[in-house]
Amino acid sequence: AKEEALREQIKPHFVFNCLTAIENSYHQNLRQGDKTMTMFAKHLRNDVDSMDNDLVPFAKELDMIFNYVNLENLRLEKSFPVYFDIDYQDFLIPPLSLQPLVENAIRYSKVNEKEEGYIQIRSFLRDDGRVEVDVEDNGVGFDPLSVTSSSKGLANVKERLKLLLNAEI
C-alpha cells in the first residue's frame, strides 16, 4: 500500500507536463499536435501496463524516458539530447523511477538552457555485483535550497527503490 501511494504522487505531475506539451504542439500546427498526442498515448499505455507490476525491465523504463524527453523537447523552446550509455540492462526497476531524475535535470539544472546541454543515463554492473544507474546532466546548475518541500520526486524514488529493491540513491 505504501509503495502504491508513493507511485501515485508521480502521475499528476507527469500528466500535467504532457498535457502542456500537447497544448503547445497544437498551437504550432495540427500535425505536430497529433504527433505529440500519439507520443503521450504511447507513454500512458506503457504507464498503465506497468502499474500491474512493481518492477519493469530496465529497457522498458529507458523507452519510457526516451518518449518522455521527446515530449518535453516539443514543449521547451530549446531542445536537448539524452545520451544512453548502457553497458548492463538485465535487471528490473520500479516503473517511473528514472523520470523524476530526468525531470529534475530539466527543471532545476535547466539543461535545456545551456548551449549543448544534455542528459546522460548510464548503467553498468559494478565489481561487487551491484547494478549502478547514473543520471547526469551538464546543465547550468542550481541551488539545492531552491528545491521546495513540495518536490516529492526524489524522495519518492528513494523510498520506492529502498522498499522494492533495498537499493539506495
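The values are calculated or read from the model by the stated rules, or taken from the named source; none is laboratory data. In this text, all values refer to a predicted model and were calculated from it rather than measured experimentally. All Cβ positions, even for glycine, are placed from backbone atoms using ideal geometry, and neighbour counts span all protein chains on display. Keep in mind that these areas ignore ligands, DNA and RNA; they rest on the heavy atoms of the full protein, side chains included. Shrake-Rupley method; radii C 1.70, N 1.55, O 1.52, S 1.80 Å.
What to note about this one:
- Per-region count, the range 118-168, residues modelled with pLDDT of 85 or more and of a type in the set (Ser, Thr, Tyr): 2
- Residues (farther than 21 Å from Thr36 by Cβ, open to solvent by less than 10 Å² (accessible area, probe 1.4 Å) and either assigned to a strand (DSSP E or B) or modelled with pLDDT under 85 (or both)) located in the range 55-92: Val56
- So Gln120, is it touching a helix residue (DSSP H, G or I) at 6+ places or on another chain (Cβ under 7 Å) and at negative phi: no
- Contact map, the range 158-169: residues that are open to solvent by less than 100 Å² (accessible area, probe 1.4 Å) paired with residues that are small (Gly, Ala, Ser), Cβ distance under 7 Å, separation 6+ or inter-chain. Pairs shown: Arg160/Ser97; Leu161/Ser97; Leu161/Ala167.
- Any hit, the range 93-116, residues being touching a strand residue (DSSP E or B) at 6+ places or on another chain (Cβ under 9 Å), polar (S, T, N, Q) and surrounded by fewer than 19 Cβ atoms within 10 Å (Cβ to Cβ): no
- Filtered residue count, the range 20-53, keeping only those that are among the hydrophobic types (A, V, I, L, M, F, W, C), open to solvent by 60 Å² or more (accessible area, probe 1.4 Å) and touching a residue at least 12 places away in the same chain (Cβ under 8 Å): 1
- So Ala155, is it small (Gly, Ala, Ser), in a helix (DSSP H, G or I) and surrounded by 20 or more Cβ atoms within 10 Å (Cβ to Cβ): no
- Of residues in the range 118-169 being closer than 21 Å to Leu92 by Cβ and among the polar types (S, T, N, Q), the one farthest from the chain's Cα centre (by Cα): Asn166
- Options Lys11, Lys42; residue that is assigned to a helix (DSSP H, G or I), modelled with pLDDT of 85 or more, within 17 Å of Ile65 (Cβ to Cβ) and out of contact with any Pro (no Cβ under 8 Å at 6 or more places or on another chain): Lys42
- Looking only at the range 40-77, and only at residues there that are polar (S, T, N, Q) and within 14 Å of the chain's Cα centre (by Cα), the one that is nearest to Lys162 (Cα to Cα): Asn46
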